[in-house]
1. Can you pull out every residue in the stretch 45-64 that is outside any helix (DSSP H, G or I) and either in contact with a His (Cβ under 7 Å, 6 or more places away or on another chain) or buried (at least 16 other Cβ atoms within 10 Å of the Cβ) (or both)?
2. Name every residue in the stretch 866-889 that is within 50 Å of the chain's Cα centre (by Cα) and touching a residue at least 24 places away in the same chain (Cβ under 8 Å), in order of residue number.
3. Give Pro467, Pro448 a once-over and let me know the one that is out of contact with any Ser or Thr (no Cβ under 8 Å at 6 or more places or on another chain) and either within 29 Å of Asp399 (Cβ to Cβ) or free of Cβ contacts under 8 Å to residues at least 12 places away in the same chain (or both).
4. Across the stretch 814-824, what is the number of residues that are under 15 Å from Gly876 (Cα atoms), open to solvent by 30 Å² or more (accessible area, probe 1.4 Å) and under 57 Å from the mean Cα position of the chain (by Cα)?
5. Scan (1) within 16 Å of Thr484 (Cα to Cα); (2) at pLDDT below 80 for the single condition Asn469 breaks and write down its number.
6. All but one of (1) loosely packed, with under 13 Cβ neighbours inside 10 Å; (2) part of a loop (DSSP other than H, G, I, E, B); (3) modelled with pLDDT of 70 or more hold for His352; which doesn't?
7. Specify the residue that is most open to solvent (accessible area, probe 1.4 Å); the eligible residues are those in the stretch 324-349 that are small (Gly, Ala, Ser) and either in contact with a Leu (Cβ under 8 Å, 6 or more places away or on another chain) or farther than 10 Å from Val367 by Cα (or both).
8. Within the stretch 795-813, is there a residue that is in contact with a Phe, Trp or Tyr (Cβ under 9 Å, 6 or more places away or on another chain) and either outside any loop (DSSP other than H, G, I, E, B) or open to solvent by 20 Å² or more (accessible area, probe 1.4 Å) (or both)?
Amino acid sequence: MMAESDHRPDPDALLARLRREEERRDRTRLKVFLGYAPGVGKTYTMLEAARRLRDQGVAPLVGCVETHGRPETAALLDGLEVLPRRQMPHRGIILAEFDLDLALARKPAVLLLDELAHTNAPGSRHPKRWQDVLELLDAGIEVHTTVNVQHVESLNDVVAQITSVQVRETVPDAILDRADEIEVVDLPPDELLARLREGKVYLPDRAQRAVESFFRRGNLLALRELALRRAAERIDTEVRAYRREHEIETTWPAAERILACVGPSPSSVQIIRSARRMAAGLRAPWVAVYADAPDAYPTRGADRERLEAHLRLAESLGGEVARLSGGRVAAEILHYARRHNVTRIVIGKPRHSRWRDLVRGSLVSEVVRGSGEIEVHFVAGAAGQPATPPASPRRWQIDWRRLAFSVLLTGLTTGGAKLGAAHLSLADIAMLYLLAIVVAAARWGRWPALAAAALSVAQFDFFFVPPFNSFAVESLKHLLTFATMFGVGLVVSSLMARLQRQELDARRREQRTASLYSLSRELGPVLAADEAARIAAEHAAEVFEGEAGVLRREPSGGLVPAGVSPSETCFSEQELTVARWCDAHGLPAGRGTDTLPGAAVTCLPLRAGPQALGVLALRLTSSVPMTLEQRSFLEAFARQVSLTLERARLSEEAKAAALRASTEEVRSSLLSAVSHDLRTPLAAITGAGTALSDDEGRLSREQRTELLDTICSESERMERLVGNLLDMMRLESGGLTPRREWIPLEEIVGSALTRLERRLGDRQVLTDLPADLPLVHVDPVLFEQVFVNLLDNALKHTPEGSPIEVSASIQNQEIEVRISDQGPGLPAGAEEAVFEKFWRGPRQGAAGVGLGLPICRGIVLAHGGTVLAENRLEGGASFRLRLPVTPAP
């Protein structure tokens, strides 16, 4: 029953498998023809495949194919429909580019698009052709494309080292990972060089230069290997996914994969290095595995430190590290090996006595017997080196308090059995002792349970087995009872020790999971980088029991503390130096690492891809170095913080981009809205000024005065317009900061009326400002502009001879100012629209561009007030301006 449950399909795995199959079935296919150099025949192979599709009834469309003057490639285009290219002018020449819009409109079943890494001409929708491919795939169009291995982003630096040529046009690895099929177009380097000399790749003069530089035979061999390995990695990923989805346990030796069995034994160093050499010779990945199970060697004190050092060595040599836990060490190692398609297991030779194998079982024997088709390699340790380390002294430390409780429990059991001896059989008494052994194992652990078992056997024999009060045994059948009692104690104590260890591991994992969940929950809604850094520092200090800080990178490249816990803690200059090194190199540094291990802090880089965001620094209070498991948890913690800081950075960039877009929109709207209004007064001023300059005594005094008045009035009009434009730009950019003063309201109104005296002329303005109004705490210049704009608006819409009313009162701890006119009033539903930029009323002939009232609202809101518009019952419009009453000093 246990074996069946262990191999029962995981429902979550089945659902994930069905989901992946559905995604593969629904998503649009992408096929990539991968080569290692120009001229290997990628385009030729793609066109041949397209012709086969045409013969099968599928009509492929040639979006963009570069024949490079090769007649055999151009001949394959016969019979295939070619999409017309888009003509794009650039620096005096016409560039023929792939027409993405036309391809989307045509929506063919299959589209051929050569040279995936191509850079599009300026003015195209996307700067790169691979971005065009992504849009085509999103539109449901299957794409076939070509690319050389030197254009793969992750291999760019490797190609530069091999060929001494830095390739500028690259394709993200995610595009190749997205491909449903990768077909490697291969050609022996000698044949490629022959094609190059024959002029089938480049023109003769260019071909000769290529042979001497990029197309050297050694370069081609290395590039060919890169292309084949990149394709092999993709195939290996697909094989592992297939094995995982179909739960295949048997090993498929299609590619080598090596597993090294690691433990606290000093011989593990030789095992790790042998596995590394084997992996290097086979060019295969390898993993160092440690299995923590009840039959594993106990790791305490120096043993655990030695184990952590071995795992760190494996990491430094380029291997993966895996920690396993379960029933038996051999079973867990073999299960991991089959699950990950391991072909070779490297394990140390047994150097202990055979008696130990008879008592505890042989790990080597179990691995060999269960390995099946997996090869097992044995490595001997150094001469004179023990296979297992000497036992740690802590291993034999006994909790005498628990032992005393166990002895007391056994004594109580004996006393109870003596009291009820007349009514109990020997079997009943033996069951009581077994119960005591189980209770001791459950409550106090292995050694108290073993002590309880030994004492139970002795007391049972001494008090209840004839001859009484003696350790002699009358009948040999009682020896089986004694052995059973002691065996039960031994087995139960081992099981309880295993359960307690598993419980402790589960509790630690739960604590780590809860810590990460709590951190992600608090960081989830945070969009400010400083707030995220503060939360992260607090959690790190609590979880890792020390002092923590997040140092955020400034745009200038320096590091500044953005969050430190405890808040009064500061990092010394020496510790900041460690953090700067960590940030500059993108690697952990400080205590517990290979770089600057003598430092007091441990620093981890906070990165999102290539973007450096800062450093997480920890100053631990414990002198015990962190285990590899704790370091892995710390790295997961740092990744969570990095994601939050990256989200905050992107949020700030999005806000800045939105502000720039809004500013640009306002600028373009302003330009389009005021172009006519600026030209009108300029034209009037220019005309009047020209007439005056050309005057040769023909103009009368009245005409000259009229022209001068025109220049003055139009200049004032343009001044108001420009002032409104500047005020609106200040409001939009957030640069409006009131400089408040205590000032009487009637002084501000009077100053506004003085500015408008020329325009008001004989127009009557009725003011009702009570003498007991309190002083207002406002910016006098800005509020004068508010009244100027409101009075100017009333002046535009009030008929000749009708007065404008200005009144003020105190209502609900607010000063309310009303500016009313007797014009046609506001259109229905326009009470809020009048405060929108560039909104103009339907009345013809109203001057302005619709900025005066939005400026008024912006200034009033900056002072904590409100402004509303409404129609009067007796006719006309009324604007109500409200300011909170603030006690004057």
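1. Taking the stretch 45-64 first, the residues outside any helix (DSSP H, G or I) are 56-64.
Hits for the stretch 45-64 are Pro60, Leu61, Val62, Gly63, Cys64.
2. So in the stretch 866-889, the residues within 50 Å of the chain's Cα centre (by Cα) come out as 866-869, 881-886.
Of everything in the stretch 866-889, those that are within 50 Å of the chain's Cα centre (by Cα) and touching a residue at least 24 places away in the same chain (Cβ under 8 Å) turn out to be Val867, Leu868, Ala869, Leu881, Arg882, Leu883, Pro884, Val885, Thr886.
3. On the way: Pro448 fails: out of contact with any Ser or Thr (no Cβ under 8 Å at 6 or more places or on another chain).
Exactly one residue qualifies, and that residue is Pro467.
4. Step one: filter the stretch 814-824 for residues under 15 Å from Gly876 (Cα atoms), giving 818-824.
Now narrow it down to the ones that are open to solvent by 30 Å² or more (accessible area, probe 1.4 Å): 818, 822, 824.
From what is left, the residues that are under 57 Å from the mean Cα position of the chain (by Cα) are 818.
Looking only at that region, the number is 1.
5. (1) is the only condition that Asn469 fails.
6. (3)
7. Ranking the qualifying residues of the stretch 324-349, first place goes to Ser325.
8. Within the stretch 795-813, the first condition is being in contact with a Phe, Trp or Tyr (Cβ under 9 Å, 6 or more places away or on another chain), and the residues that meet it are 806.
Adding the requirement that they be either outside any loop (DSSP other than H, G, I, E, B) or open to solvent by 20 Å² or more (accessible area, probe 1.4 Å) (or both) leaves 806.
Yes, because at least one residue in the stretch 795-813 is in contact with a Phe, Trp or Tyr (Cβ under 9 Å, 6 or more places away or on another chain) and either outside any loop (DSSP other than H, G, I, E, B) or open to solvent by 20 Å² or more (accessible area, probe 1.4 Å) (or both).
The values are calculated or read from the model by the stated rules, or taken from the named source; none is laboratory data. All values derive from a computational prediction rather than experimental measurement. All Cβ positions, glycine included, derive from the backbone under ideal geometry; neighbour counts span all protein chains shown. Protein only, heavy atoms only, side chains kept; ligands, DNA and RNA dropped before computing areas. Shrake-Rupley method; radii C 1.70, N 1.55, O 1.52, S 1.80 Å.
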